[in-house]
Amino acid sequence: MVPRVIAIDGPAGSGKSTVSRAVAERLGLEYLDTGAMYRGVAFAVLERGIDPGDTNAVAELARLIPLEVTGSVCVVDGVDATVAIRGPQVTVAVSTVAANPEVRAEMVTRQRAWVIERGGGVVEGRDIGSVVFPDAELKIYLTASPEVRADRRASETQGADTGAVAADIRRRDDADSTREASPLVEAAGAVVVDTSGLTVDQAADVIEEMLG
């Protein structure tokens with residue numbers, strides 16, 4: 001039996017996580033946030049005092065580190081890092097870690113194994129439809145206006161400055177779309193869904209309707 005995979009990609013603040021969770025719940029599938037996996041590796045790198053730019057050391061750690069992402073919980077080497085991986089230090093380091101080709105190769109292997117073990121899932125990230133699961137049943141590219149994306153991200157952090165958040169989003173967009181290994185792109189055959197004026201339920205409705 002071929003695993004049922006719904007691939008959802010898009011930039012920061014587009015609504016990937018919340019929409020993916022909603023779609024997974026409706027379809028009775030498990031949900032995987034692949035961005036949390038890269039953040040988990042970045043967390044481990046910082047915890048061990050490794051330079052995120054040390055390609056070989058980071059790749060070796062990525063291959064060895066026990067990493068479990070379940071729903072919104074991220075456990076790294078037995079430590080609950082759910083909150084820590086969303087902190088500013090990890091947010092700065094993760095772009096460099098995620099651009100490491102060997103790290104990406106290891107995470108892709110783990111992501112494919114995750115789906116096989118569960119018989120499918122709703123998988124979200126930045127290269128899911130283009131690299132990890134190019135033959136997914138449905139490939140979605142979520143997007144939203146820069147203003148909406150910045151407002152969403154700022155609302156997630158108390159006291160966050162929207163201007164600073166917008167600048168960080170632009171930095172992440174540039175890093176994600178220009179890296180050599182698996183850049184953020186609209187995958188071939190992906191359907192673009194703009195969530196700027198949609199609630200989570202409305203966006204999930206749109207995706208569910210595509211599945212018939």
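Quick note: the coordinates plus some simple rules give every number you see, no bench work behind them. These numbers were taken from a predicted model, which means no experiment stands behind them. FYI the Cβ positions are ideal-geometry reconstructions off the backbone, even for glycines, and counts take in every protein chain you see.
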*So how many Å³ per residue does the convex hull of the Cα atoms of the chain work out to?*
115
*By count of other Cβ within 10 Å, fewest leading, how are Glu156, Glu137 ordered?*
Glu156, Glu137
_Projecting each Cα onto the charge dipole of the chain (Lys/Arg +1, Asp/Glu -1 at the beta carbon, about the Cα centre), which of Ala187, Leu67, Leu211 comes out farthest on the positive side?_
Leu67
*Net length gained if the chain between Asp194 and Glu60 were fully extended (0.36 nm per residue, minus Cα distance)*: 44.4 nm
*Using unit Cβ charges (K, R positive; D, E negative) and no other charged atoms, how large, in debye to the nearest 20, is the dipole of the chain about its Cα centre?*
120
*Rank Leu64, Leu138, Leu184 by mean-square fluctuation in a GNM of the chain with C-alpha springs under 10 angstrom and give only the top-ranked residue.*
Leu64
*Want the number for Asp77 to Ala160: 0.36 nm per residue separation, take away the alpha-carbon distance, what's left?*
26.9 nm
